[in-house]
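Engineer: Handing you a structure now.
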Amino acid sequence: MKPYVAWIAMGIVQFVVLANAPAIAATAQAVGYYSKGSLMAPSDFPLQGKGFIELFPGRNRYYGTQALVDLITDVASNMVDLFPGLERLQVADLSAPHGGAIAPHNSHQNGLDADLVYYRVDHQEQDPSHTQGLEEVFVKKGKLTANFDIPRNWALMKAFAASGRVERVFVDGVIKQTLCNEAKRVGEFQTQEESLRMLRPLEQHDNHLHLRIRCPEGNPECIAQEEVGGDSGCQSLNPNEIPPTIPLRSSSEF
Ligand SMILES: [Zn+2]
């Protein structure tokens, strides 16, 4: 290559590199671990958009990494295409503006966790300004209520799993059991193993699911969680059996 050609080529490469370089301070950064961490330069979760609405905006806990915001908004939008005209995905707490501990959560500290309301058969949305918590409970006395929209919640889990970004989804044990059975019923038990494996049965998740994503690329101070090993956790269950629930307080997993 002639020197001036090389020089021009290097100039183009430099220009492209500089043009695409993220402004470090402007990109949200997950720091530390889910239950011991913080959030730098957070992205705001939008108050509403296609297929979703933010609950409790007055709590000021709608901050996260861009990866988390993008995943929820993309999936919510795709869900509308699959199931038009129904209630929106109701998004509850993410993280505080700079992350850190927020009661009553153990995690939600570094912009990688979000609480989402399960889809409902009655398609009602709760008043987003109501601050007293999530109003609909989907498991009562160890039984799924009729208001849990099984096909739509199963489609939601598949969409999250398909992103490849999800670390875990905490759900009630009865809800995991329900989705194990649904996967078998619709012939997706083999092909959707990851969608089931990521579901971790945990206490106090009868009114919401807890989405947790992996450390995004370009977040060098983010501490990863150990991957969920083994099979889907449904293999050895008979249809009436509820998978063992992780106790909330004694668990380091949450
Ligand atoms: Zn949560």
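Engineer: Please work out which one of (1) without any contact (Cβ under 8 Å) to a residue 40 or more places away in the chain; (2) out of contact with any helix residue (DSSP H, G or I) (no Cβ under 7 Å at 6 or more places or on another chain); (3) more than 16 Å from the ligand (Cβ to nearest atom) is the condition residue 49 fails and give its number.
Structural biologist: (2)
Engineer: I'm trying to understand the selection: among the residues of region 200-227, which are free of Cβ contacts under 8 Å to residues at least 60 places away in the same chain and either under 14 Å from residue 246 (Cα atoms) or of a type in the set (Lys, Arg) (or both)?
Structural biologist: 200, 201, 202, 203, 204, 205, listed by residue number.
Engineer: Filter region 94-105 for residues that are crowded, with 24+ Cβ neighbours inside 10 Å and either in a loop (DSSP other than H, G, I, E, B) or of a type in the set (Phe, Trp, Tyr) (or both) and give the result.
Structural biologist: 94, 99
Engineer: Considering only residues of region 233-254 that are aliphatic (A, V, I, L, M) and over 19 Å from residue 193 (Cβ atoms), which is modelled with the highest pLDDT?
Structural biologist: Restricting attention to region 233-254, the residues satisfying the condition of being aliphatic (A, V, I, L, M) are 237, 242, 246, 248.
This time we only want the ones that are over 19 Å from residue 193 (Cβ atoms), so: 242, 246, 248.
On the way: 242: 87, 246: 78, 248: 72.
Among those that are aliphatic (A, V, I, L, M) and over 19 Å from residue 193 (Cβ atoms), it is 242.
Engineer: Take the residues in region 38-65 that are in contact with a Gly (Cβ under 6 Å, 6 or more places away or on another chain) and within 11 Å of residue 219 (Cβ to Cβ), then tell me which one is surrounded by the most Cβ atoms within 10 Å (Cβ to Cβ).
Structural biologist: 65
Engineer: Let me ask something additional. Given the condition at pLDDT 95 or above and in a loop (DSSP other than H, G, I, E, B), answer yes or no: does some residue in region 14-37 qualify? Give the steps one after another, and end with the answer.
Structural biologist: Here is the first cut: in region 14-37, the residues at pLDDT 95 or above are 29-37.
Now narrow it down to the ones that are in a loop (DSSP other than H, G, I, E, B): 34-35.
Checked against the condition, which is being at pLDDT 95 or above and in a loop (DSSP other than H, G, I, E, B), region 14-37 yields at least one hit.
Engineer: Of all residues in region 103-133, which are at pLDDT 95 or above and within 15 Å of the ligand (Cβ to nearest atom)?
Structural biologist: 107, 108, 109, 110, 111, 112, 113, 114, 115, 116, 117, 118, listed by residue number.
Yes/no matrix, rows are residues, columns are (1) over 20 Å from residue 229 (Cα atoms); (2) out of contact with any Cys (no Cβ under 9 Å at 6 or more places or on another chain); (3) small (Gly, Ala, Ser):
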{"residue": "122", "(1), (2), (3)": "yes, yes, no"}
{"residue": "140", "(1), (2), (3)": "yes, yes, no"}
{"residue": "157", "(1), (2), (3)": "no, yes, no"}
{"residue": "160", "(1), (2), (3)": "no, yes, no"}
{"residue": "163", "(1), (2), (3)": "no, yes, yes"}
{"residue": "169", "(1), (2), (3)": "no, yes, no"}
{"residue": "172", "(1), (2), (3)": "no, yes, no"}
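Engineer: Let me ask another. Considering region 64-86 alone, what residues qualify as being touching a residue at least 24 places away in the same chain (Cβ under 8 Å) and over 13 Å from the mean Cα position of the chain (by Cα)?
Structural biologist: Hits for region 64-86 are 77, 78, 79, 80, 82, 83, 86.
Engineer: Please specify each residue of region 55-72 satisfying the condition of being modelled with pLDDT of 95 or more and among the charged types (D, E, K, R).
Structural biologist: Hits for region 55-72 are 61, 70.
Engineer: Between a residue in region 95-114 that is without any contact (Cβ under 8 Å) to a residue 40 or more places away in the chain and any residue that is in a loop (DSSP other than H, G, I, E, B) and more than 8 Å from the ligand (Cβ to nearest atom), which pairs come within a Cβ distance under 8 Å, given they are 6 or more apart or on different chains?
Structural biologist: Listed pairs, sorted by first residue: 101/109.
Engineer: So is residue 181 in contact (Cβ under 8 Å) with a residue 24 or more places away in the chain and under 30 Å from residue 222 (Cβ atoms) or not? Before the answer, list the steps.
Structural biologist: Details: in contact (Cβ under 8 Å) with a residue 24 or more places away in the chain: yes; under 30 Å from residue 222 (Cβ atoms): no.
Spelling it out, it is not the case that residue 181 is in contact (Cβ under 8 Å) with a residue 24 or more places away in the chain and under 30 Å from residue 222 (Cβ atoms).
Engineer: Being within 16 Å of the ligand (Cβ to nearest atom) and either out of contact with any Phe, Trp or Tyr (no Cβ under 6 Å at 6 or more places or on another chain) or of a type outside the set (Val, Ile, Thr) (or both) is the filter here, so list the residues in region 61-93 that pass it.
Structural biologist: Scanning region 61-93 gives 61, 62, 63, 64, 65, 68, 71, 72, 89, 90, 92, 93.
Engineer: Condition first: assigned to a loop (DSSP other than H, G, I, E, B), at negative phi and surrounded by fewer than 22 Cβ atoms within 10 Å (Cβ to Cβ). Can you find one or more residues in region 66-79 that meet it? It would help to see each step written out before you state the result.
Structural biologist: In the first step, residues of region 66-79 are kept if they are assigned to a loop (DSSP other than H, G, I, E, B); the result is none.
No, region 66-79 contains no residue that is assigned to a loop (DSSP other than H, G, I, E, B), at negative phi and surrounded by fewer than 22 Cβ atoms within 10 Å (Cβ to Cβ).
The values are calculated or read from the model by the stated rules, or taken from the named source; none is laboratory data. Since the model is a prediction, treat every value here as computed from it, not as a measurement. Here Cβ is always computed from backbone atoms with ideal geometry, including for glycine, and neighbour counts include all displayed protein chains.
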